[in-house]
1. Would you calculate the separation in nanometres between label points at Trp5 and Met46, each defined as 7 Å from the Cα along the Cα-to-beta-carbon direction?
2. Please list Val20, Val81 from largest to smallest accessible area, probe radius 1.4 Å, with all protein chains kept in place.
3. Of the heavy-atom accessible surface of the stretch 1-51 (probe 1.4 angstrom), what whole percent is carbon and sulfur?
4. Once the Cβ-Cβ distance between Gln55 and Asp28 is put in as r, and R0 is 41 Å, what FRET efficiency do you end up with, to the nearest 0.05?
5. In nm, to one decimal, how far is the Thr75 label point from the Ala90 one, both placed 7 Å along Cα→Cβ?
6. Taking R0 as 41 Å, what's the FRET efficiency between Val39 and Leu62 from their Cβ-Cβ distance, rounded to 0.05?
7. Write down the accessible area per residue of the chain in Å², having rolled a 1.4 Å probe over the full set of protein chains.
Amino acid sequence: MAPLWKFYFDAVLYNLGFTVVYLFAFQDFMGTLLIFCSVGPLVSIMGYRQFKKEQYLFYHNLGYSKNRLHRFLWTVSIIAVLPLFLLILAL
């Protein structure tokens, strides 16, 4: 399970950069949360594929497919944003 978290923390940096730029550009916190869990994982996957492509071999040797890594990235991103999203809707 630790390699999945390592992949998540390595890949989510691209997502954070993208969402921070979005937040400063549009100053919309709710939109930023939606971007983080919808478009952000795509940005993470593209950034990771562009700059750390050789790392996929490391995960493949451990038995993790790209599909599994990407699903984990999407799942954790959605779960991380869900409490904040629900809290904002409740207010």
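1. Going by the 7 Å Cα→Cβ label model, 3.0 nm.
2. Values: Val20 70, Val81 10 Å².
Highest to lowest solvent-accessible surface, that is Val20, Val81.
3. Values: 2280 of 2970 Å².
Here carbon and sulfur together make up 77 percent of the probe-accessible area.
4. Details: r = 33 Å, r/R0 = 0.80.
Between Gln55 and Asp28 the formula returns 0.80.
5. 2.5 nm
6. Values: r = 28 Å, r/R0 = 0.69.
It comes to 0.90.
7. Details: 5890 Å² over 91 residues.
For the chain, the per-residue accessible area is 65 Å².
The values are calculated or read from the model by the stated rules, or taken from the named source; none is laboratory data. Keep in mind the model is a prediction, meaning the values are calculated, not measured. Cβ: placed from backbone, ideal geometry, glycine included. Neighbour counts: every protein chain shown. Side chains included, ligands, DNA and RNA excluded: accessible areas come from the protein's heavy atoms. Shrake-Rupley method; radii C 1.70, N 1.55, O 1.52, S 1.80 Å.
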